[in-house]
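The values are calculated or read from the model by the stated rules, or taken from the named source; none is laboratory data. Everything numeric in this text was worked out from a predicted model, so none of it was measured. FYI the Cβ positions are ideal-geometry reconstructions off the backbone, even for glycines, and counts take in every protein chain you see.
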Amino acid sequence: MTAEEAINFIHRNVWQGSKPGLSRTLELLSGIGDPQNALRFVHVAGTNGKGSVSAMLSAILCSAGYTVGLYTSPYISRFNERIRVNGAPIKDSELAGITELCVPFALSMSDSPTEFELVTAIAMQYFLSRNCDIVVLETGMGGRLDSTNVISSPLCSVITNIGLDHTAELGDTEEKIAFEKAGIIKYRCPTVIYELKDSVTQVIKDRCREMSSPLKIAEFDKIVSISDSRSGQLFSYKHHQNLSLPLLGTHQLKNAAVVLEAVDTLRESGLSVSESAVRSGISATAWPARFEILSDRPFFVVDGGHNPQCAETVSDNLARYFPGMKTVILFGVLADKDYIGLAGMLDRAADAYVTITPDSQRALRASELAEKIKCFGKPVYYCDSIEEGIEKAILLAGADGVVCSVGSLYTAGTVRAYFGK
């Protein structure tokens, strides 16, 4: 089997979609020898920020000398990005070989696995084959019934910011969504969480009490911002002093506080992580398409934010890093997202919109999106391709303006490729 054949098999229509539950993943993993039982994990769930938190944790643990697996989704440019060891994506040959191992077991199952469940099994086998000391495991959607929740006793469970997304599957309030995320909390395994509103935090506290799980909550009032510019941030948090973070935005300092609480928790569990490893790992963190500046004339920013909470952060960052500059929003969304809520948050930063169609069967067409957001009273243009949209937005912004591509990670790879990334 070639890598192309492997990816085609993974993308087969028979297992597209989302089917909550752990039974299929457990059956598939059992067929290939239960690799997850020989691995140690940090399990990360949340609505927003879980990718950034996972990337920071992976970078720190790599700097500490561990062999670290990282499982994330979706990918930006290439499928292999979803499964990494020490920052390097799985090689085509390894992806092909492990997929081939999984094929007969997947095909024999009466209840076929979903794509995500199949990829989760492939990742587990890969991390075992590379003798990973620890795996930073990001959930897909939710937590309680997410296929990554087949693991038994993580070194630490981490829950990042919680907002309204995937409401049809997870619930229509933040408290209901928190209940699903809190499903990753295991008996007597420590938990670290983002500072959330009281009613949401209480849901997680209740689960921790039920599971006898020691809980740490990041304390955002202990974050000290020392400097903040388009090139990065310098900050301190509690006893962690003068850390350099390349990721932009106050929300990333909050994510970093969660990471640092998790690092201290892992130290208590016996992992050796020096402060120099923390410092070098934080400074080396790279996480594309999270308010990433791709060019400077005009400034062009790409962000994969796809819910109103993300859009509010993007809007705040545009005001923070590009004050008073003409701002064009390059906007593409999936049809099942709250695009009116998204636009409502972005509108305070927007001088004009250019709509595009993300590269997904679930995408809302650019022309339809343009009609939907005309209600905000700003100039709106739609384009037939992402590349055409980029060029139109650049023209509208002018050399002294800023373009921000936002609304879906499914556009980010094409946007980054346009700029040679």
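Scanning segment 78-100 for residues that are among the aliphatic types (A, V, I, L, M) and surrounded by fewer than 17 Cβ atoms within 10 Å (Cβ to Cβ) yields a single hit, 88. Taken as a whole, the condition of being over 17 Å from the mean Cα position of the chain (by Cα), under 19 Å from residue 3 (Cβ atoms) and modelled with pLDDT under 95 does not apply to residue 169. When residue 415 is tested against (1) modelled with pLDDT of 95 or more; (2) more than 23 Å from residue 299 (Cβ to Cβ), only condition (2) is not met. For residue 134, the test of being touching a residue at least 40 places away in the same chain (Cβ under 8 Å) and over 17 Å from the mean Cα position of the chain (by Cα) is passed. Across segment 320-335, the number of residues qualifying as buried (at least 21 other Cβ atoms within 10 Å of the Cβ) and either part of a loop (DSSP other than H, G, I, E, B) or outside the structural domain of residue 413 (by TED's automatic domain parsing) (or both) comes to 2. Please determine, by comparing only the residues of segment 218-246 that are touching a Ser or Thr at 6+ places or on another chain (Cβ under 9 Å) and in contact (Cβ under 8 Å) with a residue 40 or more places away in the chain, which one is farthest from residue 45 (Cα to Cα). Filtering first and then ranking leaves 228. There is no residue in segment 141-152 that is within 16 Å of residue 11 (Cα to Cα), surrounded by 23 or more Cβ atoms within 10 Å (Cβ to Cβ) and not aromatic (Phe, Trp, Tyr).
Annotation: residue 414 fulfils all but one of (1) buried (at least 16 other Cβ atoms within 10 Å of the Cβ); (2) farther than 24 Å from residue 341 by Cα; (3) out of contact with any helix residue (DSSP H, G or I) (no Cβ under 7 Å at 6 or more places or on another chain); the unmet one is (3). Tell me, which residue of segment 130-161 that is among the aliphatic types (A, V, I, L, M) and out of contact with any Lys or Arg (no Cβ under 6 Å at 6 or more places or on another chain) is farthest from residue 178 (Cα to Cα)? Going through the qualifying residues, I end up with 135. Within segment 14-56, the residues that satisfy the criterion of being under 16 Å from residue 103 (Cβ atoms) and modelled with pLDDT under 90 are 14, 15.
Is it the case that some residue within segment 267-282 is touching a Leu at 6+ places or on another chain (Cβ under 8 Å) and surrounded by fewer than 17 Cβ atoms within 10 Å (Cβ to Cβ)? Looking through segment 267-282, at least one residue is touching a Leu at 6+ places or on another chain (Cβ under 8 Å) and surrounded by fewer than 17 Cβ atoms within 10 Å (Cβ to Cβ). Quickly run through segment 181-199 and pick out the residues that are surrounded by fewer than 24 Cβ atoms within 10 Å (Cβ to Cβ) and either in contact with an Asp or Glu (Cβ under 6 Å, 6 or more places away or on another chain) or more than 15 Å from residue 42 (Cβ to Cβ) (or both). Selection gives 183, 187, 188, 195, 196, 197, 198, 199.
For segment 348-369, residues that are under 12 Å from residue 329 (Cα atoms) and either of a type in the set (Ser, Thr, Tyr) or buried (at least 17 other Cβ atoms within 10 Å of the Cβ) (or both) total 7.
Just give me the residues in segment 109-140 being surrounded by fewer than 20 Cβ atoms within 10 Å (Cβ to Cβ) and assigned to a loop (DSSP other than H, G, I, E, B), in sequence order. Matches in segment 109-140: 109, 110, 111, 112, 130, 131, 133. Against the test of being more than 19 Å from residue 375 (Cα to Cα) and outside the structural domain of residue 227 (by TED's automatic domain parsing), the options 338, 347, 351, 303 yield a single qualifying residue, 303. Only a single criterion out of (1) in contact (Cβ under 8 Å) with a residue 24 or more places away in the chain; (2) more than 22 Å from the chain's Cα centre (by Cα) is not satisfied by residue 305, namely (2). In the condition set (1) free of Cβ contacts under 8 Å to residues at least 40 places away in the same chain; (2) among the hydroxyl-bearing types (Ser, Thr, Tyr); (3) not in a helix (DSSP H, G or I), residue 360 is compliant with all but (1).
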